Amino acid sequence: MQVNKIVDARGLDCPQPVILTKKAMDEGGGAGRLTAIVDRDVARENIKRLAQNQGYDYRVEEKDGEYHIHMTRVLNKEENETSGSGRISILIKSDLFGEGDEELGRVLMKGFLYTLNELETSLSSLIFMNKGIFLTLEDSPVIEHIQTLEKKGIEVLSCGTCLDYYQKTDKLAAGRITNMYSALETLAGADRTITI
């Protein structure tokens with residue numbers, strides 16, 4: 001008999017509902033049934049996408065302004081893993097995520113780096129250029145997330161020219177200093193690259 005695991009993610013901000021649901025999927029070895037309960041439209045849509053990507057059938061039931069997303073595994077993990085392999089390098093060229101409001105950009109960057117720590121990926125390196133180097137400094141609001149990634153074996157590289165330009169070389173608190181040649185070599189050697 002399959003047990004229906006419940007993830008109660010009501011009242012939680014993105015990306016917490018997705019992270020909790022993914023953890024529940026992983027804990028169950030990808031088998032059985034799972035229900036996530038959320039009260040926000042964004043969380044509902046994110047969990048629906050997660051379910052699809054992880055090989056689950058799902059249906060959404062709305063109850064009193066809350067969404068119950070019922071998921072059932074239909075594919076083995078191995079059958080669904082078509083593009084998850086290969087080394088990934090991420091180039092971060094700003095201390096903000098995206099363009100627009102600065103406060104929102106800081107919130108999104110914090111959420112991005114937090115989520116990187118929670119995901120099981122083939123991430124091999126983070127390269128910080130231009131104002132991105134501010135994220136690797138002692139007073140960075142996300143330094144703990146970056147240090148945790150480094151402890152997991154992910155290479156953290158900050159542009160030496162950029163550190164010199166902003167006079168922050170002595171404030172580096174994660175990873176090591178790199179140059180443009182080495183940074184490009186790392187990016188070129190990756191199977192996939194992401195730039196933000």
- Query: Among (1) under 24 Å from Tyr181 (Cβ atoms); (2) in contact with a helix residue (DSSP H, G or I) (Cβ under 9 Å, 6 or more places away or on another chain), which single condition is Glu120 missing?
  - Reply: (1)
- Query: What residue, of Ser140, Ser125, Ser94, is buried (at least 16 other Cβ atoms within 10 Å of the Cβ) and farther than 25 Å from Asp191 by Cβ?
  - Reply: Ser140
- Task: Check Ala36, Ala51 and return the single one that is of a type outside the set (Phe, Trp, Tyr), under 21 Å from Asn117 (Cβ atoms) and modelled with pLDDT of 80 or more.
- Result: Ala36
- Select from the range 77-119 the residues that are closer than 28 Å to Asp57 by Cα and either touching an Asp or Glu at 6+ places or on another chain (Cβ under 6 Å) or β-branched (Val, Ile, Thr) (or both) and write down the one among them that is modelled with the lowest pLDDT. Thr82
- Please go through the range 145-183 and pick out each residue that is touching an Asp or Glu at 6+ places or on another chain (Cβ under 8 Å) and of a type in the set (Phe, Trp, Tyr). none
- Message: Going by what's in this entry, would Thr21 be described as part of a strand (DSSP E or B) and within 25 Å of Tyr114 (Cα to Cα)?
- Response: no
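The values are calculated or read from the model by the stated rules, or taken from the named source; none is laboratory data. Since this is a predicted model, take the numbers as computed values, not measurements. FYI the Cβ positions are ideal-geometry reconstructions off the backbone, even for glycines, and counts take in every protein chain you see.
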